Each structure stands twice: as structure tokens, then as C-alpha cells.
Amino acid sequence: MKRVRAEQIQGAVGHYLRRRQFVESDGAMKQGPKFTQTAEEMATNLTVQAESGSPNVVSAAPCQADPNQYEIQFGRLKVFLFDTESKYSREVKQLLYPLFVYLHLDMVHSGLKSAADSFYSRFHGMFLQNTDQKDIMEQLRSTLNSQDIYSNSKLRTLIENKYVVSFTEESYNYLLRYLQSDNNSTLCKVLASHIHLDVQCSQQTGYQLYSVGAQSRSDGVGLEPSEIPTTMLQNEAALEMLQDSIKQVKDGPPSLTTICFYAFYNTDQLLNTAEISPDNKLLSAGFDNSCIKLWSLRSKKLKFGPQQVDVSRINLACDIVDNEVVDDVGSEMKILRGHCGPVYATKFLSDNSGLLSCSEDMTVRYWDLCSFKNTGLYQGHAYPVWDIDVSPLSLYFVSGSHDRTARLWALERTYPLRIYAGHLADVDCVKFHPNSNYVATGSIDKTVRLWSTQQGNTVRLFTGHRGPVLALAFSPNGKYLASAGEDQRLKLWDLASGNLFKELRGHTDNITSLAFSPDSSLIVSASVDNSVRVWDIRNTHSNSPADGSSNELVGVYTGQTSNLLSVQFMTCNLVLVTGVAQEKKEP
């Protein structure tokens with residue numbers, strides 16, 4: 001008899017709660033209190049409580065003192081949900097009705113009569129389509145104070161119980177991101193006090209193979225092939241096809257390289273060097289007349305950046321100040337003056353914030369690319385400086401000189417940190433290893449040396465060139481060092497063993513510049529013979545060229561130039577080449 005009576009009471013309560021839209025209450029009461037749970041259920045519950053549970057998000061929301069915030073925050077949420085076409089916004093819209101009811105009751109309970117009337121008149125029309133909601137709207141309109149709330153059985157039930165809204169985990173995260181994006185403390189207060197957000201955890205999909213494996217191990221039963229979902233098999237097949245395609249691209253012949261030539265006209269044999277910035281936005285060139293010219297390769301012109309205030313030159317009201325020319329328009333070219341001898345090399349920093357240059361005047365100078373001024377002077381060499389290179393993170397740079405040494409510098413120090421001495425003649429080219437722990441130098445003495453950056457000693461000595469070494473390049477993977485020069489041979493050295501890996505032949509004049517592709521599979525070389533050659537060092541598919549070049553040759557490019565200065569391998573299989581344009585001979 002007691003069981004029957006308890007079931008009758010439970011049924012009556014469940015029927016009443018369902019009429020008040022307290023969903024899923026019947027199922028919870030039928031299940032009764034649950035005192036035991038599996039490890040998986042416990043982990044799921046802890047995850048929901050810790051990461052996506054409403055208590056951790058809205059329970060600490062402060063009270064809002066401004067009465068207008070009720071209307072402002074609710075209106076902002078309404079606009080956000082109705083202006084956004086998303087499946088998550090459609091699910092979150094069901095939260096508007098309980099929020100409206102509890103916000104209105106809270107204002108009435110707090111004695112904010114005028115704010116409650118304005119709030120009601122603006123938003124109550126949204127809830128007149130549903131019969132039950134329309135009935136609550138009519139009762140809210142006649143509610144003037146706290147006594148009216150507690151005298152009304154329906155409103156008192158709403159106050160004494162929490163309204164349950166079920167969300168998927170994705171929709172809850174969508175709501176959570178909105179609440180955290182702005183000041184929504186009033187909404188958070190109502191959510192914590194009167195609304196229970198029932199977050200449903202996302203179900204595991206078929207392609208999560210590790211979950212299936214873990215479950216089968218714990219249960220001791222494996223999945224038969226017929227039990228594996230079709231979507232999982234399709235995903236596995238698609239993954240295998242993708243892996244095969246990637247392997248074919250890697251092992252197959254390289255795609256055609258795009259070559260972009262930048263030619264200088266009317267240089268009158270005064271151009272010594274040219275360099276393009278890593279982001280392909282700026283072009284610098286060093287001339288015999290000791291100046292450096294900087295061009296913008298994009299439509300955006302070069303302008304002076306924001307300058308720091310020099311307190312020693314602040315003008316007072318009584319000072320007579322000449323009108324200074326302000327460069328608001330900008331220009332396509334800037335001229336940097338400071339050296340007192342021919343400029344032989346320029347190098348951009350990795351973040352394009354500055355430019356380094358070396359000259360016959362035995363100095364290295366740093367140029368700020370915001371102000372286009374010389375802000376650093378590095379002195380230490382006793383003879384002209386031929387080449388410079390910047391470390392990958394732009395913390396250090398190295399210089400090579402006619403004094404037979406290479407020197408390591410830090411940008412914030414004006415004196416050299418290390419001196420690398422050992423060559424018997426000029427150090428013509430220098431290059432940093434990708435890990436910055438080593439520096440390579442090439443010399444007129446026909447040798448290439450690999451130095452320890454910190455220790456300052458030689459760790460590898462590469463011999464075999466028959467002429468001065470003019471160009472160096474490290475592969476991005478750090479395995480190989482390429483060197484070339486006046487002997488017209490490109491040599492690849494294996495850094496691990498110190499032995500010659502390959503020798504590439506094909507150029508008919510001095511090789512002046514080298515560059516590796518980002519994946520270290522291709523190397524491109526520029527020569528005084530006005531050709532750019534692309535080599536595939538894997539050599540798994542090439543045929544023997546007819547001109548007697550090495551089998552690794554995959555392409556030869558020529559342009560209307562008389563002297564190639566530099567070659568740089570950019571992303572997207574793009575090679576940038578700079579050189580001096582051929583002058584047309586008058587008949």
C-alpha cells in the first residue's frame with residue numbers, strides 16, 4: 001500500500017513538473033538516487049563538472065547594480081542568437097524564455113518597477129506564440145511586488161525550483177564563449193541561481209580508433225570485421241589513399257619551379273649585391289658609391305614608422321622651430337647613406353625589422369627599417385668586409401673579411417664575440433647552420449671550414465675545390481653543406497661524416513649564389529654564365545642531360561641579364577633571382 005501511494009505521489013509531482021516545462025524530471029525520479037557508477041561514468045561526470053559544468057562558470061558572477069543592464073544584456077543575447085545562422089544558436093534560443101522570466105521576477109523582487117516595465121514591454125512579444133508561455137506572460141504583467149510573486153502558485157514554483165534546459169556539449173561551449181566575450185554578469189547570476197543547464201556529452205564517433213581499442217581491451221572482447229562501422233572502414237581507406245599520394249609526391253619527380261627575375265637597369269657597373277627580404281616585400285642593393293638603395297616590391301610604399309621621443313630635443317613653446325618635412329605619402333625607394341666605401345653585401349633580419357650591410361670601409365652597419373636610419377656601427381676588421389650572414393633567430397651575425405678571419409657579433413654589442421682564424425686567404429662567404437651552432441666559411445684558399453659558434457674552433461675542413469669558394473648554403477634539415485665558386489663545380493658535403501656527398505657539374509662560369517628548397521630536396525645555383533640551374537639531390541628519376549651536366553639537373557633557366565647576383569628559394573616553390581639587365585647595343 002505504501003509503494004502504491006509513493007508511486008501516486010511521484011506521478012502527480014512528475015505531471016506537475018512536466019506542465020511547468022521542467023523536462024526530464026520523470027526519468028530522473030524513476031531511476032531514483034544512484035549510489036554506484038562505473039569508472040567511465042565517473043570520468044564523464046567529472047569532465048562535465050570540471051570543463052563544461054555550469055557551476056564553474058556562472059556561480060561566482062557578481063550582482064549587477066545598474067538596472068539597465070537587465071535589458072541591455074538580454075537584448076544583446078537576443079540579437080546575437082537571431083543574427084547568427086548556426087545550429088548551435090538555434091539550440092541556445094530555448095534559453096531566452098526562462099532568462100526573460102527570471103530576469104523580470106528578479107527586477108520585481110528588487111523593487112525595480114520602471115526597469116521591469118520597460119523590460120517587459122520590449123521583449124514579452126517574443127513568447128506569445130506558445131500557450132503556456134503566453135499564460136506566464138499575462139501573470140508577469142500583473143506582478144508588481146514580491147508579495148504578488150509568492151501569492152501566485154505558478155510564479156512561486158518557478159522561484160523555488162530550477163528550470164532545466166538540455167544542451168549538447170558543443171552548444172554549451174558556444175554559449176560559454178559568448179558569456180565570456182563581454183560583461184554578462186546579470187545573465188550569469190540568473191543562470192547560476194534559477195536555471196540548470198543539463199549538458200549532454202558528445203558521443204564518440206566511429207573514426208576514434210583508440211577508443212574502440214581501449215574498450216575492447218577492457219571488455220576482453222574484440223570487434224569482428226563485420227562489426228566495424230562502415231564509416232570507419234571508409235575513413236581508413238581514405239587515409240591510406242592520402243598516405244600513398246603523399247609518398248608518390250615525395251618520391252616522384254619534383255614539380256616545376258617558378259623563377260622570378262628582378263633585373264637592374266642603368267647601373268653602370270656599380271651594383272655589387274642585391275638581397276630580397278624573407279617576406280618578399282623589400283629589395284636592397286649595395287653600390288660602389290657607398291649607398292644602399294631599398295625598394296618596395298609591393299603596392300605599399302615605404303614610410304617612416306612611429307619614432308621614439310628624444311627627450312633631449314623636445315621643443316618648448318618659446319622655441320622657433322623650422323617646418324620639418326613629414327613623409328606622409330611615402331616613396332617606392334629609400335637611399336641609405338653611411339658607408340664611406342663600396343657596399344659588398346646586405347642581409348635582412350628574419351623579422352624584417354632591420355638590415356645589415358658590410359663595406360670596404362671595414363665596418364658593418366645596422367639600419368632600422370622603421371626610420372631608415374643607421375643605428376648601429378660594428379668595427380673590428382682591419383680590412384674590407386666581403387660578406388655577412390644573420391643567424392636564423394637574428395640573435396647573431398657573422399662577417400667574413402680580407403683580413404682572413406670571420407667574426408661573430410651580437411646585435412647589441414659593437415665588438416666581436418668570437419674570431420675564427422685559420423684560412424690562409426680572404427674569407428669570401430659565410431653562412432650560419434640552421435641550428436646556429438655552427439658557421440661555415442669559404443675562402444680564396446680553396447677550402448671550406450665549419451666552425452663551432454661557441455668554441456671558435458674548426459670542426460670540419462672540406463678540401464677539393466680547384467678555385468676560390470664564392471657561395472655557401474646549408475640544407476634546411478641541417479644534413480648537407482653546398483659550396484661552389486670559380487671552379488664551376490657545385491659540391492655537396494655530408495656534415496655527419498665530413499665526406500663529399502655529390503659533385504654537380506653543368507655551369508660554364510663562376511657560381512655566385514646557392515639556395516636550398518625548404519624540403520632540402522632541391523638546390524638552385526646562379527652563375528656568371530647567366531643561367532640558373534635547379535638540381536634534385538635525390539637523383540632517383542633524372543635522365544642524363546645532353547650537354548654533359550650531372551644527372552641531378554632538372555631545369556635550366558636564363559633571363560635577359562648579364563650578371564646574376566643572388567638566388568633565393570622562397571615558399572610555394574618560388575625562386576627569386578636578382579641580376580643586372582643586359583644593355584642593348586646600339587647599331
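Some points to look at:
- Taken over the stretch 557-567, the criterion of being within 11 Å of V524 (Cβ to Cβ) and open to solvent by 30 Å² or more (accessible area, probe 1.4 Å) is satisfied by Y557 alone.
- Filter result (in contact with a Ser or Thr (Cβ under 8 Å, 6 or more places away or on another chain) and among the hydroxyl-bearing types (S, T, Y)) within the stretch 278-303: S284, S290
- Filtered by the rule that a residue be at negative phi and in a loop (DSSP other than H, G, I, E, B), the stretch 500-527 gives H507, T508, D509, N510, S517, P518, D519, S521.
- Counting only helices (runs of 4 or more DSSP H) wholly contained in the stretch 100-155, the ones carrying 2 or more residues that are open to solvent by less than 10 Å² (accessible area, probe 1.4 Å) occupy 113-123, 131-141.
- So A425, is it within 25 Å of E360 (Cβ to Cβ), assigned to a loop (DSSP other than H, G, I, E, B) and among the hydrophobic types (A, V, I, L, M, F, W, C): yes
- Only one of the listed residues (S185, S171) is surrounded by fewer than 20 Cβ atoms within 10 Å (Cβ to Cβ) and among the small types (G, A, S). That residue is S185.
- Of all residues in the stretch 366-383, those that are within 28 Å of E332 (Cα to Cα) and in contact (Cβ under 8 Å) with a residue 12 or more places away in the chain have Cβ atoms under 6 Å from Cβ atoms of residues that are of a type in the set (D, E, K, R) and crowded, with 20+ Cβ neighbours inside 10 Å, 6 or more apart or on another chain, in F372/K334; N374/R365; L377/R365.
- Residue match in the stretch 415-436 (condition: under 33 Å from the mean Cα position of the chain (by Cα), among the hydroxyl-bearing types (S, T, Y) and within 20 Å of A515 (Cβ to Cβ)): yes
- Contact annotation: residue pairs with Cβ atoms under 8 Å, 6 or more positions apart or on different chains, pairing a residue in the stretch 140-160 that is basic (K, R) with a partner that is open to solvent by 20 Å² or more (accessible area, probe 1.4 Å) and not in a helix (DSSP H, G or I), are K154/R20.
- Hey, L336 outside any loop (DSSP other than H, G, I, E, B), of a type in the set (A, V, I, L, M), touching a Phe, Trp or Tyr at 6+ places or on another chain (Cβ under 6 Å) and at pLDDT below 95 or not: yes
- Within the stretch 167-193, the set of residues being β-branched (V, I, T) and over 14 Å from L95 (Cα atoms) comprises T186 only.
- Residue check, K87 of a type in the set (D, E, K, R), open to solvent by 30 Å² or more (accessible area, probe 1.4 Å) and over 46 Å from the mean Cα position of the chain (by Cα): no
- A Cβ distance below 6 Å, combined with a sequence gap of six or more or placement on separate chains, defines the contacts here; from the stretch 431-457, residues that are in contact (Cβ under 8 Å) with a residue 40 or more places away in the chain and open to solvent by 40 Å² or more (accessible area, probe 1.4 Å) reach residues that are part of a strand (DSSP E or B) and of a type in the set (G, A, S) in the pairs K431/A440.
- Of all the listed residues (L369, L355), the sole one being open to solvent by 10 Å² or more (accessible area, probe 1.4 Å), closer than 15 Å to K293 by Cβ, of a type in the set (A, V, I, L, M) and within 34 Å of the chain's Cα centre (by Cα) is L369.
The values are calculated or read from the model by the stated rules, or taken from the named source; none is laboratory data. Since we're looking at a predicted model, the values are computed, not measured. Every residue, glycine as well, gets a Cβ built from its backbone with ideal geometry; the counts of neighbours run over all protein chains shown. What goes into the accessible areas is simple: the full protein's heavy atoms, side chains included, and nothing from ligands, DNA or RNA. Shrake-Rupley method; radii C 1.70, N 1.55, O 1.52, S 1.80 Å.
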